[in-house]
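**Q** Quick one: structure below, then a few questions.
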Amino acid sequence: MQIYNAPLRDMRFVMHELHGSAAHLDRIGKSGVTSELIDSILEEAGKFASEVLLPINASGDEEGCHYENGVVRTPRGFKQAYDQFRESGWSALAAPAEFGGQDLPDIVGKMVEEMQCSANLSFSLYPGLTQGATLALLGHGSDELKARFLPKMIEGVWSGTMNLTEAHCGTDLGLLRTKAVPQEDGSYRITGAKIFISSGEHDLTENIIHLVLARLPDAPKGVKGISMFLVPKFLPTGDNKPGPRNGVTCAGIEHKMGLKASATCQLVFEDAVGWLVGEPNRGLAAMFTMMNAERLSVGIQGLGVAETAYQSAVHYARERLQGRALSGPRRPDLAADPIIVHPDVRRTLMTIRAYVEGCRALSGWVAQALDLEKLGPDPETRRAAEDFVALMTPVVKALFTDLAFETSSMALQVYGGHGYIRDHGMEQLVRDARICMIYEGANGIQALDLVGRKLPAHMGRMLRGFFHPVQAFIEANAADPRIMPLARAFGALQQATAHIAQAGLKDPEEAGAAATDYLRLLGLVALGYMWARTTQVAEAKLPTANGDASFYQSKLTTAQFFNERLLPQAGALWTAIKAGKESMMALDSAAF
Amino acid sequence: MKLLVPVKRVVDYNVKVRVKSDQTGVELTGVKMSMNPFDEIAVEEAVRLKEKGIAAEIVAISIGPAACGETIRTALAMGADRGILVETEASPEPLAVAKMLRAIAEREQPGLVIMGKQAIDDDMNATGQMLAALLGWPQGTFASKVEIAGDTATVTREVDGGLETVALTLPAVVTADLRLNEPRYASLPNIMKARKKPIETIKPADLGVDPAPRLTVLKVTEPPKRQAGRKVGSVAELVDKLRNEAKVI
């Protein structure tokens with residue numbers, strides 16, 4: 001049974017206590033957003049997620065989306081839930097007030113996002129892509145396009161998509177063929193075929209605004225010849241109502257392993273009317289505004305699913321009676337002990353818990369940087385925040401989603417055979433989580449982005465925003481023996497960084513061979529740092545915690561588990577990285 | 001017309017309530033608290049009456065510790081206009097609550113007081129009735145439908161064995177049952193607006209009421225655990241056990 005109650009206490013801890021929301025909000029000029037306001041928003045968002053989105057998660061998976069003659073119907077209950085979502089104003093949460101948004105900071109937005117992903121990953125994609133498209137338009141659209149499309153998108157009446165992939169080009173966008181022909185009135189006609197377009201066609205909104213990558217007739221070859229166009233499903237009339245149907249049709253939807261209630265569409269553009277967004281041939285840069293935002297969001301998706309997997313596994317481990325505790329019966333009044341008494345079940349639950357709470361703490365840190373990037377008090381702060389977000393984007397994306405698949409699979413294991421059959425919804429979580437490792441840049445690509453782009457950028461400048469605070473923290477707490485696991489892991493990370501910089505300079509394949517292990521190593525250190533800081537905060541609060549004492553005590557225990565049982569993987573990763581590419585690259589292709 | 005909606009802060013209905021180890025009450029520390037679900041239904045009904053143009057103002061009232069202000073905020077986010085918090089650390093019993101509400105009703109002069117039929121913590125089901133008696137107003141309890149025309153409220157009540165419809169002359173007290181409506185989710189803009197709506201804080205003494213409990217709690221215990229069921233082999237065995245063991249037939 002899928003169980004989800006928004007982890008409000010932990011969210012408040014991360015936001016207010018660990019990352020000091022009050023000082024942060026002051027710093028970004030949003031002191032009007034009080035912690036009481038944030039808490040009531042989180043509470044209501046949590047209620048909405050558990051009561052409206054969760055009940056249609058398993059049924060949406062069972063039913064899937066329907067396709068007939070170019071029309072896509074979402075599963076039963078989705079339209080009603082979406083209407084409620086829109087009417088409740090959730091789509092406008094983090095959008096700018098100028099276009100009808102609530103202008104709330106990202107530290108709030110990301111937590112609300114997490115809840116929606118926990119309760120119903122498929123559902124979360126519909127508003128999620130709209131939000132990404134909104135960001136791309138905000139960053140690159142003309143004033144006219146913004147005024148015409150943003151208010152409806154932010155209100156959630158119209159939704160958004162991103163159209164990059166074509167049948168022959170996914171990762172390598174330089175190959176894309178969709179064409180755009182300029183017209184006398186300043187618009188363009190778009191022709192081509194796109195695949196894997198999430199929310200490309202559905203029945204939730206009255207119009208769908210596609211952001212499409214295409215080539216102008218005189219465009220240079222490769223990625224430098226790609227432009228971005230806005231192509232609505234219905235061309236808006238003068239008073240901004242959906243008017244005539246544009247030349248974009250849905251030729252089918254994909255039948256997928258999971259995420260079945262999210263419509264993944266093949267779209268065909270035939271002389272579709274579109275408008276240029278941003279500069280000609282600069283489309284990839286414009287799309288990357290959206291891509292980067294989406295990558296962070298996909299990381300949050302992973303975190304969200306892992307949380308639900310955790311709660312569901314804990315629920316089952318407490319209820320399922322099987323066998324007796326190794327140390328003697330704990331519940332002699334029952335036919336058997338609940339399986340939560342067993343060390344291996346504990347290992348499983350603690351592992352999931354330590355990763356989930358660690359990732360939530362890290363996402364809170366990155367969300368703060370997202371706020372500072374836009375609203376930091378001075379250019380230096382904004383630039384440092386931008387560096388930090390750029391560095392952490394591939395880490396959050398790949399680490400959180402790798403862990404989501406690992407931990408949801410572990411949670412399924414707690415259910416045994418009952419996890420493998422469909423009745424309890426655990427296998428859905430595993431199937432749903434699996435896509436997060438693939439889309440918005442497969443995790444292998446994220447690792448290459450980290451090692452190939454982010455590490456060398458500006459002579460390693462991006463690393464500073466992460467390495468410096470970790471180093472300073474370790475030095476300041478050198479007397480505390482509990483800092484040792486983090487200090488060792490950080491040492492391994494520093495050595496691995498130097499190694500990759502040297503070896504990669506001589507041979508790019510060396511960097512490529514190290515990339516995935518390096519990303520996990522950096523991710524583990526980041527989580528280790530979050531747990532070390534959590535330990536400090538929890539210890540300071542514990543003496544005066546009263547009713548909350550068990551919360552802080554659990555934090556300390558989970559931190560200890562992470563330090564002793566998970567963080568030591570850092571050493572093995574460094575050993576693997578050191579070994580280099582040789583055994584990986586030696587076999588001839590024919591020998592496989 | 002003005003509506004008064006008393007709202008109680010109770011242990012959230014999702015929380016599994018545990019008895020304190022010293023048996024003096026139930027564990028409240030670190031437990032999620034929410035608005036009593038029946039009161040939520042009352043707030044929803046009030047907001048609908050306002051949306052229909054029948055009510056002009058909705059005042060949400062809560063009695064208890066300062067944290068009850070959050071319960072009032074929830075009502076404000078759903079659409080109430082302002083709040084009154086009667087702050088007290090005591091846990092007042094229905095009669096004291098009814099007396100405080102009477103004092104507020106006399107001051108505010110509402111056309112209707114609408115509240116939950118009972119709170120899910122102590123399940124007293126008494127405050128609404130006591131309030132109506134103290135005020136000398138008509139009462140429509142366990143309402144599953146409320147219609148207001150002129151100075152009459154027509155209330156459909158869920159009673160044992162069916163529905164009863166009563167007509168009340170306003171002002172009156174109505175208590176909400178489960179099927180009266182389905183409360184809305186507070187919208188994000190309304191949650192933000194609710195922060196700016198006024199909440200007046202007063203003390204029981206301002207209302208001339210002593211909130212101290214009159215009942216003494218001797219002991220709180222968990223209900224006895226249910227025995228596991230047994231399978232019987234035949235109808236004859238079942239009848240035998242019902243007759244001789246359970247002694248019910």
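The values are calculated or read from the model by the stated rules, or taken from the named source; none is laboratory data. Keep in mind that what you see is a predicted model, and the values were worked out from it rather than measured. Heads up, the Cβs are rebuilt from the backbone with ideal geometry, glycines too, and the neighbour counts pull from every protein chain shown.
**Q** Examine the stretch B:198-212 for a residue that is within 30 Å of B:P94 (Cβ to Cβ), surrounded by 12 or more Cβ atoms within 10 Å (Cβ to Cβ), within 14 Å of another protein chain (Cβ to nearest Cβ) and at pLDDT 95 or above, and state whether such a residue exists.
**A** yes
**Q** Also, I was wondering about something else. Just the residues that are without any contact (Cβ under 8 Å) to a residue 40 or more places away in the chain, over 17 Å from A:W275 (Cα atoms) and not charged (D, E, K, R), please, taken from the stretch A:147-199.
**A** Of everything in the stretch A:147-199, those that are without any contact (Cβ under 8 Å) to a residue 40 or more places away in the chain, over 17 Å from A:W275 (Cα atoms) and not charged (D, E, K, R) turn out to be A:T165, A:A167, A:H168, A:C169, A:G170, A:L175.
**Q** Continuing with the same structure: In the stretch A:350-383, which residues are hydrophobic (A, V, I, L, M, F, W, C) and crowded, with 20+ Cβ neighbours inside 10 Å?
**A** A:I352, A:A354, A:V356, A:C359, A:A361, A:L362, A:W365, A:V366, A:A367, A:A369, A:L370, A:L372, listed by residue number.
**Q** Being modelled with pLDDT of 95 or more and among the acidic types (D, E): is that true of A:E294 here?
**A** no
**Q** Go through A:G60, A:G46 for me and flag whichever is under 23 Å from B:T74 (Cβ atoms) and either in a helix (DSSP H, G or I) or within 13 Å of chain B (Cβ to nearest Cβ) (or both).
**A** A:G46
**Q** If you don't mind, another one. Restricted to the stretch B:179-196, and to residues that are more than 12 Å from chain A (Cβ to nearest Cβ) and touching a helix residue (DSSP H, G or I) at 6+ places or on another chain (Cβ under 7 Å), which residue is surrounded by the most Cβ atoms within 10 Å (Cβ to Cβ)?
**A** B:L180
**Q** So, one more: Of the residues A:E87, A:E98, A:E144, only one is surrounded by fewer than 22 Cβ atoms within 10 Å (Cβ to Cβ), within 14 Å of another protein chain (Cβ to nearest Cβ) and without any contact (Cβ under 8 Å) to a residue 12 or more places away in the chain; which?
**A** After applying the criteria, what remains is A:E87.
**Q** Hey, among the residues in the stretch A:240-253 that are part of a loop (DSSP other than H, G, I, E, B) and surrounded by fewer than 16 Cβ atoms within 10 Å (Cβ to Cβ), which one's modelled with the highest pLDDT?
**A** Out of the qualifying residues, it is A:K241.
**Q** If you check B:A132 against the conditions, is it outside any loop (DSSP other than H, G, I, E, B), at pLDDT 95 or above and small (G, A, S)?
**A** Yes.
**Q** When you look at A:Y67, is it more than 11 Å from chain B (Cβ to nearest Cβ) and under 23 Å from the mean Cα position of the chain (by Cα), yes or no?
**A** no
**Q** Turning to a different aspect of this structure: Looking for something in a helix (DSSP H, G or I), under 30 Å from A:A285 (Cβ atoms), within 16 Å of the chain's Cα centre (by Cα) and within 14 Å of chain B (Cβ to nearest Cβ) - is there at least one such residue anywhere in the stretch A:120-130?
**A** There is at least one residue in the stretch A:120-130 that is in a helix (DSSP H, G or I), under 30 Å from A:A285 (Cβ atoms), within 16 Å of the chain's Cα centre (by Cα) and within 14 Å of chain B (Cβ to nearest Cβ).
**Q** Right, another one. Those residues that are over 19 Å from the mean Cα position of the chain (by Cα), at pLDDT 95 or above and of a type in the set (S, T, N, Q), I need them from the stretch A:322-378; list them, please.
**A** If the condition is that a residue be over 19 Å from the mean Cα position of the chain (by Cα), at pLDDT 95 or above and of a type in the set (S, T, N, Q), then A:T348, A:T351 are the ones that fit.
**Q** Tell me, yes or no, whether the stretch A:13-20 has at least one residue that is surrounded by 22 or more Cβ atoms within 10 Å (Cβ to Cβ) and within 14 Å of chain B (Cβ to nearest Cβ).
**A** So far as the stretch A:13-20 goes, yes, one or more of its residues are surrounded by 22 or more Cβ atoms within 10 Å (Cβ to Cβ) and within 14 Å of chain B (Cβ to nearest Cβ).
**Q** Please find, within the stretch B:64-81, the residue that is farthest from B:E200 (Cα to Cα) out of those that are touching a helix residue (DSSP H, G or I) at 6+ places or on another chain (Cβ under 8 Å) and within 11 Å of chain A (Cβ to nearest Cβ).
**A** That would be B:M78.
**Q** Can you name the condition, by its number, that A:A272 falls short on among (1) in contact with a Ser or Thr (Cβ under 9 Å, 6 or more places away or on another chain); (2) in a helix (DSSP H, G or I); (3) buried (at least 24 other Cβ atoms within 10 Å of the Cβ)?
**A** Failing condition for A:A272: (2).
**Q** If you don't mind, there's one more thing I want to ask. Looking at the stretch A:70-84, which of its residues are touching a Leu at 6+ places or on another chain (Cβ under 7 Å) and either away from chain B (no Cβ under 14 Å) or within 22 Å of A:E373 (Cα to Cα) (or both)?
**A** Scanning the stretch A:70-84 gives A:T74, A:F78, A:K79.
**Q** Inside the stretch B:166-192, can you point out the residues that are part of a loop (DSSP other than H, G, I, E, B) and among the polar types (S, T, N, Q)?
**A** The answer is B:N181, B:S187.
**Q** Can you tell me which residue among A:G504, A:G512 is surrounded by fewer than 24 Cβ atoms within 10 Å (Cβ to Cβ) and modelled with pLDDT under 95?
**A** After ruling out the rest, the residue left standing is A:G504.
**Q** Taking into account only those residues within the stretch B:85-113 that are assigned to a strand (DSSP E or B) and in contact with a Leu (Cβ under 9 Å, 6 or more places away or on another chain), which is surrounded by the most Cβ atoms within 10 Å (Cβ to Cβ)?
**A** Selected residue: B:V113.
**Q** Filter the stretch A:159-181 down to the residues that are within 25 Å of A:P242 (Cβ to Cβ) and surrounded by fewer than 17 Cβ atoms within 10 Å (Cβ to Cβ) and list them by number.
**A** Correct list: A:V181 only.
**Q** Using the structure shown, decide if B:T216 is modelled with pLDDT under 95, away from chain A (no Cβ under 12 Å), more than 23 Å from the chain's Cα centre (by Cα) and exposed (fewer than 12 other Cβ atoms within 10 Å of the Cβ).
**A** no
**Q** Confirm whether A:A538 is in a helix (DSSP H, G or I), among the hydrophobic types (A, V, I, L, M, F, W, C) and more than 28 Å from B:G30 (Cα to Cα).
**A** Taking the combined requirement at face value, the residue does not satisfy it.
**Q** Follow-up. Starting from residues that are within 14 Å of another protein chain (Cβ to nearest Cβ) and at pLDDT 90 or above, keep the ones in the stretch B:26-42 and report whichever is nearest to B:D81 (Cα to Cα).
**A** If we take residues in the stretch B:26-42 being within 14 Å of another protein chain (Cβ to nearest Cβ) and at pLDDT 90 or above, then B:E40 is nearest to B:D81 (Cα to Cα).
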